[in-house]
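Trainee: Can you read through this structure? Questions will come right after.
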Amino acid sequence: MGRSGGPLGSRFLVLLTASASSNLADGVVKAAPPLIAVRWTDSPALVSGILAVLTLPWLLFALPAGLLVDTLDRRRSMIVANTLRALTVAIVAVAIVAGSESIWMLYLAAFALGTAETVHDTAAQSLLPAIVDSAVLERANGRLTAAEVTTNTFIGPPLGGFLVASAVALGVAGPAGLWVLAVIVMFMLRVERAPRSQGRSPWRAELAGGIHFVWSNTLLRSMALMVGLCNLATSAFLATFVLYTVGPSSTLQASEVQYGALLAVAGAGSLLGALGTARAAAALGRGRLLAAIFLGMALFIAAPSVIETLPLLVATFLIGGATVSAWNVISVSFRQRITPDHLLGRVNSVNRLLAWGTIPLGALIGGAVAELVGLQTMFAIAAVIATLPLIGLLWVNETTMNRAEGVR
């Protein structure tokens, strides 16, 4: 690919630190609400609904979030979003301590957290090209992804399981302090804001510009649809896997801490994938690596349909984690490299809408199908769906990606 190394700089270190703190909070939230919900209900539909509501804002607000990020200061947008998330979980913790616990309260909090996340994550992806040089985007994204998966998947979920096992209120109060820390660190970051055009178009035209840029680019469109289909399958799996793992009627009969630890194994795989993606892409080519990613994801989803012991699932969760981070490093770096800065927020939000908008749908579908045919059959169906994005590799390969980036 011809990408060279170079210093990432002190500003990147600040962003990396804030990202690690914020994603550690996200990791706790990933495990805590489903574990709390399992205490209050044994319905697959209600438990999977937590993930559906948490990710629903990506379907509803992804496009407005992108326009907001391209209009306002991206650093400040991240600060405000994390402040609102900290306040949300603090309020829920107080309500639980006061004895006002309700699964519907979890639903409201999940929706609020997901809404703030659309702004924070879109701004974070759009801010990076203003901090590091284009030539080192893969390395910078690899470091950010490594920090994200280490905290979000490797440390956060076990911590969330431990906190919930200790006290339910701690499971929602813990992330508040971490988001506050991320806010404090972001105040240390100084970024020169790219000049915006003086005469801006009406907001509908601004949104249409981002949509047109993605949809008219075969590679961006194909990659967004590929990961959207894969996320549909992964969401159906993850939204119901807690019922397969934890509880008196579960297959694995695991504890809450063991459930978090299994998610942490996926985090370890993600860390390996994030740090190794640049070298793997250079050795295999990005097209071949993408094929391996989707095959690995299908294996990860299919495994519980035939494996009924916790130790044997460890390897598949390691593979599943590696595939997620490898995809993120490749796709995000490519998108950042070919998108003009003034469109980057909207382009990222359109991609998130297509890629993440399927997550709440997958969670709802997974819960409904599991109710009808059982968890293991649902896992097998989801694995088949996860292989379908391989069709997209007819358009997305090393040659077409290099051509789009202007690389000979």
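The values are calculated or read from the model by the stated rules, or taken from the named source; none is laboratory data. Because the structure is predicted, anything quoted here is derived from the model rather than measured. Backbone-built Cβ (ideal geometry, glycine too); neighbour counts: all protein chains shown. The area values use the complete protein model at the heavy-atom level, side chains included, leaving out ligands, DNA and RNA. Shrake-Rupley method; radii C 1.70, N 1.55, O 1.52, S 1.80 Å.
Trainee: What net charge do the residues around Arg85 carry, taking every other residue with its C-beta under 14 Å from that of Arg85, with Lys and Arg at +1 and Asp and Glu at -1?
Mentor: Here the charged neighbours net out to -2.
Trainee: Using only the heavy atoms of the protein chains and a 1.4 Å probe, how would Tyr107, Tyr244 rank by accessible area, largest first?
Mentor: Tyr107, Tyr244
Trainee: If the chain between Arg39 and Ala98 were fully stretched, how many nm would it gain, using 0.36 nm times the residue separation less the Cα-Cα distance?
Mentor: Using 0.36 nm per residue and subtracting the Cα-Cα distance, I get 19.5 nm.
Trainee: Something else: Whole number in Å², please: accessible area per residue of segment 296-383, 1.4 Å probe, ligands, DNA and RNA not counted.
Mentor: I get 33 Å² per residue for segment 296-383.
Trainee: What angle do you read, to the nearest 10 degrees and between 0 and 90, between the alpha-carbon axis of helix 375-387 and the longest principal axis of the chain?
Mentor: Tilt of helix 375-387: around 10 degrees.
Trainee: For a test of the definition: using alpha carbon positions, the gyration tensor, and the 1.5 limit on a/c, classify segment 3-44 as rounded, prolate or oblate.
Mentor: Prolate shape, in that a/c is at least 1.5 and a/b is the bigger ratio.
Trainee: How far is helix 341-356 tilted, in degrees, relative to the longest principal axis of the Cα atoms in the chain, given as a value from 0 to 90 rounded to the nearest 10?
Mentor: Once rounded, one gets 30 degrees.
Trainee: With every protein chain kept in the model, how would you rank Leu262, Leu181 by accessible area, 1.4 Å probe, largest at the top?
Mentor: Leu181, Leu262
Trainee: State, to one decimal in nm, how far the label point of Phe187 lies from the label point of Ser166, with both points 7 Å from Cα in the Cβ direction.
Mentor: It is 2.6 nm.
Trainee: Now for a different question. For segment 248-373, compute the orientation-averaged projected area of the C-alpha convex hull (one quarter of its surface), in nm².
Mentor: 9.5 nm²
Trainee: Next question. Give me the percent of accessible area attributable to carbon and sulfur for the chain, probe 1.4 angstrom.
Mentor: Using a 1.4 Å probe with all protein chains present, the chain comes out at 68 percent carbon and sulfur.
Trainee: While we're here: Under a crude label model (7 Å from the Cα following the beta-carbon direction), how far is Asp73 from Ala368 in nanometres?
Mentor: 4.5 nm
Trainee: Go through Ser134, Leu232, Tyr244 and say which Cα lies farthest out towards the positive end of the charge dipole of segment 128-284; charges sit on Cβ, +1 for Lys and Arg, -1 for Asp and Glu.
Mentor: Ser134
Trainee: Roughly how many Å² is the accessible area per residue of segment 123-192, as a whole number, for a 1.4 Å probe?
Mentor: For segment 123-192, the per-residue accessible area is 37 Å².
Trainee: Using a 1.4 Å probe and counting only protein heavy atoms, arrange His120, His212, His342 so the residue with the most accessible area comes first.
Mentor: My answer, sorted largest first, is His212, His342, His120.
Trainee: Let me ask something additional. Solvent-accessible area of Arg190, probe 1.4 Å, all protein chains present, reported in Å² to the nearest ten, please.
Mentor: The accessible area of Arg190 comes to roughly 150 Å².
Trainee: What accessible surface, in Å², does a 1.4 Å probe find on Leu163, ignoring ligands, DNA and RNA and rounding to the nearest 10?
Mentor: My reading of the accessible area for Leu163 is about 30 Å².
Trainee: Follow-up. How much length is gained on full extension from Leu284 to Ala130, taking 0.36 nm per residue of separation minus their Cα-Cα distance?
Mentor: Stretched out fully, the Leu284 to Ala130 stretch lengthens by 52.5 nm.
Trainee: If I model the chain as equal point scatterers sitting on the Cα atoms and use the Debye formula, what is log10 I(q)/I(0) at q = 0.06, 0.09, 0.14 Å⁻¹?
Mentor: -0.22, -0.50, -1.29
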